[in-house]
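Undergrad: I'd like to ask you about the structure that follows.
The values are calculated or read from the model by the stated rules, or taken from the named source; none is laboratory data. This is a predicted model, so every value here is computed, not measured. Note that we place each Cβ from the backbone using ideal geometry, even for glycine, and neighbour counts take in every protein chain shown.
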Amino acid sequence: MIDKFTDWLRDSAKVLHENAAYLTELDSAIGDADHGANMDRGFAAVVAVLDETSFDSVDELLKKAGMTLVSKVGGASGPLYGTFFLRFGTALAGLSLTPESIGTGLRAGVDGVLARGKAELGDKTMYDAWAPALDAYDAAVAGSGDLGAALKAAAEASAKGRDATVPLEARKGRASYLGERSVGHQDPGATSTTLLLESAARTLA
Ligand code: ADP
Ligand code: MG
Ligand code: MG
């Protein structure tokens, strides 16, 4: 499983690099035009760590990825995604990797995002992509029990949550400074969350 998680982080880095201009364009409409650069820089640093370190466990790998994101990315997204991976890894420590434990880990990661960012559903943040993804993941695990199906369901639900940020007025982060002028724009963080989950669906199952 550790190879698959390594593949996930490497594939995410590639996709975030390819989408850096797009994410920055989204952030230029309702933020400060750095989300693509932030994610690209953070995940490039994670890949640099993967290149020079070998990990004995998935929880150590995820924790290190989280610490790297916290230390290399400023702004809102570094601490938020960093906390996600830190808590994800921490929750997996000592557990065998099953669709259920991975779901528990994902939820622990998102609980960390909430603890740090205090976002609620509908605030037009990355949480609007995470929340439906977690619910779809759990429902698929309860149904088929298949990791691949659950990750695919999570990625699809995340994309719908991302799209649903467009008509919302932002209530957290820089976009909230715009008030109703944030309406009509897709949230950059919800967009990067969907890219991470689409990558997970390709690499982790
Ligand atoms: P910054 O806004 O500091 O420049 P980024 O541009 O990298 O940081 O990330 C912006 C994204 O972070 C937003 O699109 C949003 O999804 C997310 N975000 C901002 N504040 C919060 C928060 N309090 N809770 C959850 N997500 C947030
Ligand atoms: Mg920004
Ligand atoms: Mg910024």
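Undergrad: Could you pull out every one of the helices (runs of 4 or more DSSP H) wholly within segment 103-205 that has 2 or more residues that are touching a Gly at 6+ places or on another chain (Cβ under 7 Å)?
TA: Of the helices (runs of 4 or more DSSP H) lying wholly inside segment 103-205, those with at least 2 residues that are touching a Gly at 6+ places or on another chain (Cβ under 7 Å) span 127-143, 188-203.
Undergrad: Follow-up. How many of the residues in segment 157-197 are out of contact with any Lys or Arg (no Cβ under 9 Å at 6 or more places or on another chain), away from ligand 3 (no atom under 16 Å from the Cβ) and either among the polar types (S, T, N, Q) or over 18 Å from Leu121 (Cβ atoms) (or both)?
TA: Qualifying residue count, segment 157-197: 7.
Undergrad: Considering (1) β-branched (Val, Ile, Thr); (2) closer than 22 Å to Met39 by Cβ; (3) in contact with a Leu (Cβ under 8 Å, 6 or more places away or on another chain), say which one Thr203 fails and leave the rest.
TA: Result: Thr203 passes all but (3).
Undergrad: Moving on. Quick check, is Leu86 within 20 Å of Tyr127 (Cα to Cα), hydrophobic (A, V, I, L, M, F, W, C), assigned to a helix (DSSP H, G or I) and out of contact with any Phe, Trp or Tyr (no Cβ under 9 Å at 6 or more places or on another chain)?
TA: yes
Undergrad: Tell me yes or no: at least one residue of segment 4-14 is more than 21 Å from Thr203 (Cβ to Cβ), buried (at least 16 other Cβ atoms within 10 Å of the Cβ) and in contact with a helix residue (DSSP H, G or I) (Cβ under 8 Å, 6 or more places away or on another chain).
TA: no
Undergrad: Can you tell me how many residues within segment 48-107 are more than 19 Å from Arg10 (Cα to Cα), more than 16 Å from ligand 2 (Cβ to nearest atom) and touching a helix residue (DSSP H, G or I) at 6+ places or on another chain (Cβ under 9 Å)?
TA: 16
Undergrad: Now, a different point. Select from segment 1-41 the residues that are closer than 30 Å to Ala93 by Cβ and within 12 Å of ligand 3 (Cβ to nearest atom) and list them in ascending order.
TA: Hits for segment 1-41 are Asn38, Met39, Arg41.
Undergrad: If you don't mind, there's one more thing I want to ask. Find all pairs meeting these conditions: Cβ atoms under 7 angstrom apart; at least six residues apart or on different chains; first residue within segment 114-126 and within 19 Å of Ala154 (Cα to Cα) and hydroxyl-bearing (Ser, Thr, Tyr); second residue assigned to a helix (DSSP H, G or I) and within 16 Å of ligand 2 (Cβ to nearest atom).
TA: Cβ pairs passing all conditions: Thr125/Gly117; Thr125/Gly189; Thr125/Ala190.
Undergrad: Could you tell me whether segment 49-65 includes any residue that is loosely packed, with under 15 Cβ neighbours inside 10 Å and touching a Lys or Arg at 6+ places or on another chain (Cβ under 8 Å)?
TA: Looking for residues that are loosely packed, with under 15 Cβ neighbours inside 10 Å and touching a Lys or Arg at 6+ places or on another chain (Cβ under 8 Å), one finds at least one in segment 49-65, hence yes.
Undergrad: Let me ask another. Examine segment 181-190 for a residue that is within 14 Å of ligand 1 (Cβ to nearest atom), surrounded by fewer than 22 Cβ atoms within 10 Å (Cβ to Cβ) and under 17 Å from the mean Cα position of the chain (by Cα), and state whether such a residue exists.
TA: yes
Undergrad: Pairs, please: C-beta under 7 Å, at least 6 apart or cross-chain, first residue in contact (Cβ under 8 Å) with a residue 60 or more places away in the chain and within 17 Å of Lys172 (Cβ to Cβ) and in segment 60-84, second part of a helix (DSSP H, G or I) and basic (Lys, Arg)?
TA: The qualifying pairs are Leu80/Arg116.
Undergrad: Follow-up question, since we're still on this one. Can you find a residue in segment 175-190 that is under 23 Å from Phe85 (Cα atoms), more than 16 Å from ligand 2 (Cβ to nearest atom) and at pLDDT 95 or above?
TA: no
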